[in-house]
Amino acid sequence: MQIKNTMKKYACLLLFALLLNGCDDGDLTVEEFNFENVDSAHCGDTYELIYKIKNQESLLLQIPDETLKNVVTADGDPQEFDIDNSNYKLVYRAYDGTITSSNICDIIRPSTPNVSNEWYATGGKIYIATKVNTTLNTTDNSTTITGYTHTIYFKNLTFSKSAGIQVQPEFTFGTIITDADELNLDFKEEAEQCTTSKQIYNYSIGNGTSITIDNIDSDLIVNEVTPTGSPRKKLITTTNNKVTYKIYEGGVLSESYFCNTTIPTTPTVAEIWNAENGVDNTSGIIEVVTATLGPNTFTHTITLKNVTLNNGNVSFNLGNSFLLGILTTTTN
């Protein structure tokens, strides 16, 4: 009778119901429940169903797709969720033959092998700890955020099986790596400066990112040629010479966005990355080299030296030398 009811569910429910609803007609011992050396995987481009397969066994975890956030968790403070057999489900399955990912992910799954045993988690906690993955460019010492690693583990799992109830104090499911959004740093060559606020800014046309210097020291941009090898230098701080990188969404970023008394409503700021305070002769340094194009025109090449940008507890480094842009000024 249960098999008939289950087959009706298979005919009308979506993928996750197909995978995570079934009969419980066999015993399972703890020794059989071992996926320690098996990699985690997921179906398609989403993370609603994360699974492990090993020969004739599978371990399935269903979570809402937005659960795996690209946000680093603090040490000892992971995300926490309750297994409720609704939004958060965990089930072990045994089969009467060897399985592949097709048995888990395909909408029309192979007719064999069949499920011979199921063991449902009826309670417990899901914990997800997230860290950022970066790569180092050994040529210029810049770093790139490449993705995020999510470590999933459980505590106080309660399993339901034909032999009764069993509690497992702690169990590590494994890790899943999600891709990071690319941080666009491809700015125009020309930097600009607001007349009133003196903010220096540059932006990426059509790609929705900007980099700015606020409260810039007045002696950094001076219409005087700098001696060769002697640029003007200032340290970045949270008040003066403040460097900020922003990512926008919901509109096209253009020059008209900047230098307004009231910040435009579109595009909206999606992310803000602030530069770390500078250290003398080491990091967080703004350098300006001034040259002349004639008696009344000057170019100021603005370079950021060993600048690290932070967003919460995630950071990346712009490298030994990063060109913010070239500002052109004139005198009367």
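Applying the criterion of at least 2 residues that are among the β-branched types (Val, Ile, Thr), assigned by TED's automatic domain parsing to the domain that holds residue 305 and at negative phi to the strands (runs of 3 or more DSSP E) found wholly in the range 184-236 leaves 209-214. Say whether the condition of being surrounded by 14 or more Cβ atoms within 10 Å (Cβ to Cβ), more than 22 Å from residue 327 (Cα to Cα) and in contact with an Asp or Glu (Cβ under 7 Å, 6 or more places away or on another chain) is met by at least one residue in the range 251-268. For the range 251-268, residues surrounded by 14 or more Cβ atoms within 10 Å (Cβ to Cβ), more than 22 Å from residue 327 (Cα to Cα) and in contact with an Asp or Glu (Cβ under 7 Å, 6 or more places away or on another chain): present. When the range 147-170 is filtered for residues that are of a type in the set (Val, Ile, Thr) and surrounded by 13 or more Cβ atoms within 10 Å (Cβ to Cβ), the ones remaining, listed by number, are 149, 151, 152, 158. Residues satisfying the criterion are absent from the range 72-93 (criterion: exposed (fewer than 13 other Cβ atoms within 10 Å of the Cβ), within 16 Å of residue 177 (Cα to Cα) and either out of contact with any strand residue (DSSP E or B) (no Cβ under 6 Å at 6 or more places or on another chain) or not charged (D, E, K, R) (or both)). Residues being among the hydrophobic types (A, V, I, L, M, F, W, C), free of Cβ contacts under 8 Å to residues at least 40 places away in the same chain, not assigned by TED's automatic domain parsing to the domain that holds residue 205 and not in a loop (DSSP other than H, G, I, E, B) are represented in the range 108-129 by at least one member.
Hey, does the range 138-145 have a residue that's out of contact with any His (no Cβ under 8 Å at 6 or more places or on another chain), of a type outside the set (Asp, Glu) and closer than 20 Å to residue 48 by Cβ?
Of the range 138-145, the ones out of contact with any His (no Cβ under 8 Å at 6 or more places or on another chain) are 138-145.
Restricting the remaining residues to those that are of a type outside the set (Asp, Glu) gives 138-139, 141-145.
Subsequent filtering for residues that are closer than 20 Å to residue 48 by Cβ retains none.
No, the range 138-145 contains no residue that is out of contact with any His (no Cβ under 8 Å at 6 or more places or on another chain), of a type outside the set (Asp, Glu) and closer than 20 Å to residue 48 by Cβ.
Among the residues of the range 269-280, the ones that are surrounded by 13 or more Cβ atoms within 10 Å (Cβ to Cβ) and in contact with a Leu (Cβ under 8 Å, 6 or more places away or on another chain) come to 6 in all.
Report whether or not residue 66 is assigned to a helix (DSSP H, G or I), modelled with pLDDT under 95 and farther than 22 Å from residue 130 by Cα. Full working, then the answer.
Numbers: assigned to a helix (DSSP H, G or I): yes; modelled with pLDDT under 95: yes; farther than 22 Å from residue 130 by Cα: no.
No; evaluated as a whole, the condition is false for this residue.
In the range 91-102, the count of residues that are farther than 20 Å from residue 42 by Cα and of a type in the set (Ser, Thr, Tyr) is zero.
Residue-by-condition table, conditions (1) of a type outside the set (A, V, I, L, M, F, W, C); (2) touching a Ser or Thr at 6+ places or on another chain (Cβ under 8 Å); (3) touching a residue at least 60 places away in the same chain (Cβ under 8 Å):
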{"position": "219", "(1), (2), (3)": "yes, no, no"}
{"position": "256", "(1), (2), (3)": "yes, no, no"}
{"position": "271", "(1), (2), (3)": "yes, no, no"}
{"position": "282", "(1), (2), (3)": "yes, no, no"}
{"position": "287", "(1), (2), (3)": "yes, yes, no"}
{"position": "292", "(1), (2), (3)": "yes, yes, yes"}
{"position": "312", "(1), (2), (3)": "yes, no, yes"}
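Has the range 81-91 got any residue that is aromatic (Phe, Trp, Tyr), assigned to a loop (DSSP other than H, G, I, E, B), closer than 23 Å to residue 39 by Cα and not assigned by TED's automatic domain parsing to the domain that holds residue 314?
Yes: the range 81-91 contains one or more residues that are aromatic (Phe, Trp, Tyr), assigned to a loop (DSSP other than H, G, I, E, B), closer than 23 Å to residue 39 by Cα and not assigned by TED's automatic domain parsing to the domain that holds residue 314.
The values are calculated or read from the model by the stated rules, or taken from the named source; none is laboratory data. Keep in mind that what you see is a predicted model, and the values were worked out from it rather than measured. A quick note on method: Cβ atoms are made from the backbone with ideal geometry, for glycine too, and the neighbour counts reach across all protein chains shown.
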